[in-house]
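Written below as structure tokens is the structure these notes are about.
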Amino acid sequence: MIVRRRALVDRSAEQLFDVIEAAEHDPRFLPWCAGATIVSRDDALVSADLRVRWAGAEFEMRTRNPKRRPEYMAIHLEHGPFRRFEGEWRLAALGPDACTVAFALDWEFDSALMTRAAGPVLERMANTLVDAFVLRATSLPAPLASCPAGRSPEEDGR
């Protein structure tokens, strides 16, 4: 299954990128994300463990995501219930307070049973992911949306 989405966002590419990259905050605004833990993070890569729970489907996965802030982050599966799980976020600045975002995800579960059980859930999640991240970024006050990766505005003391 391939999902592609694009959006115009009234936040800077840096602000939106920081929200996308801070996976440890995903459970706060993604209803299907039951947990997220950063395994490692540096300027070139972020790796995270994610727990997905939605509509009776439940699974865990680890992604390893090369990145170039603020314009690009790849999504690569390290382990999880997938035969294939590859994607990318591409952001392009349109000015100091606006950007475009493009998201693509190509996935296939390992088993036909998992595809039948969780496939529709994952398809719905992937189809709404861009909207969820854009809503999160625009719900934060503009100066706060760009807190350092790994910290929420509350944790950053702003």
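The values are calculated or read from the model by the stated rules, or taken from the named source; none is laboratory data. None of the values given here were measured: they were computed from a predicted structure. Please note: Cβ atoms are built from the backbone with ideal geometry, for glycine as well, and neighbour counts cover all protein chains shown. Each accessible area value is taken on the protein alone, full model and side chains, heavy atoms only, with ligands, DNA and RNA left out. Shrake-Rupley method; radii C 1.70, N 1.55, O 1.52, S 1.80 Å.
Descriptive notes on the structure:
- Residue-averaged [θ]222 nm for the chain, counting only DSSP H segments that reach four residues, each worth -39500 (n - 2.57): -8000 deg cm²/dmol
- Rounded tilt (10° steps) of 112-139 against the dominant C-alpha axis of the chain: 10
- Working from label points 7 Å from Cα in the Cα-to-Cβ sense, the S40 to Y72 distance is 2.1 nm.
- Rounded FRET efficiency, nearest 0.05, which uses the C-beta distance separating F29 from L113 and R0 of 22 Å: 0.15
- Gain on full stretching of the segment that runs from R51 to L94 - 0.36 nm per residue minus C-alpha separation: 12.1 nm
- Surface share of carbon and sulfur [accessible, 1.4 angstrom probe, percent] for segment 1-149: 54
- For segment 1-96, the calculated P(r), taken from all Cα-Cα distances in 10 Å bins from zero up to the bin holding the longest distance, is 15, 45, 34, 6, 0 percent.
- Heavy-atom accessible area per residue - the chain, 1.4 Å, Å²: 50
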